[in-house]
Amino acid sequence: MPLTLSAPLTRDWVSRRLLHPADVEADPGFVRYVHPPERTVVQAAVLVPLINRANGVTVMLTQRTAHLNDHAGQISFPGGRVEEDDADRIQTALRETEEETGLAREAVEVIGRLPDFDIPSGFRVTPIVGWIEPPVDFNPDPFEVAEVFEVPLHHFLDPANHERRSDDINGRRRNYYAMPYQNRLIWGATAGMLFSLYQSLRG
């Protein structure tokens, strides 16, 4: 069943739900990738931007350019690896978001975070959830970002839009989440983080 609310979704309601964020392991038969203990991981952070539009809250996402070394062409949240000067994961997420999309960090109110998410390319990603009140201005970096777009949050709150898939990647069987939207396929870590957001909001 879709997550239904008796009143419009608000910043305070979302932030209360994120006090106890849920991990993505709702189905014990669906094991997601976790880095083996001997692997050195790259720490990273992304922003999960929730925009409080007049007709409902949206989730802002980016389409990465096709020539990048990491996750080229994929749909993702803005973010990147932690740098030495970053005070914490929040600063990493806000800095990277500003660099990639032009969204000023002052426009983002951080209201929570989701559990870390490991991806096979070697990153351990901390998703930081931010609340944004319009007007919103984007000025994406053309080297990294092909497009900035928004999806209604309610699309991700409907389990009918959640898929679990498996593929053989580099000789190993990997499970991943997918959430198609119109002509786009949101999959992998981004879909997994959205599933974690859904789990957290439904309580």
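The values are calculated or read from the model by the stated rules, or taken from the named source; none is laboratory data. These figures come from a predicted structure and were not determined experimentally. Using ideal geometry, Cβ is built from the backbone for each residue, glycine included, and neighbour counts are taken over all protein chains shown.
Numbers below:
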| quantity | calculated |
| --- | --- |
| Any chance A146 is modelled with pLDDT under 95 and either in a loop (DSSP other than H, G, I, E, B) or touching a Lys or Arg at 6+ places or on another chain (Cβ under 7 Å) (or both) | yes |
| Scan of the stretch 172-189 for residues that are hydroxyl-bearing (S, T, Y) and touching a Phe, Trp or Tyr at 6+ places or on another chain (Cβ under 7 Å), ordered by number | Y176, Y177 |
| Filter result (farther than 16 Å from R64 by Cβ, in a helix (DSSP H, G or I) and of a type in the set (G, A, S)) within the stretch 149-199 | A160, G192, S196 |
| Candidates L194, L94, L185, L153, filtered to the one that is aliphatic (A, V, I, L, M), touching a residue at least 40 places away in the same chain (Cβ under 8 Å) and farther than 30 Å from R39 by Cβ | L153 |
| Filter result (buried (at least 21 other Cβ atoms within 10 Å of the Cβ) and of a type in the set (F, W, Y)) within the stretch 177-203 | Y177, F195, Y198 |
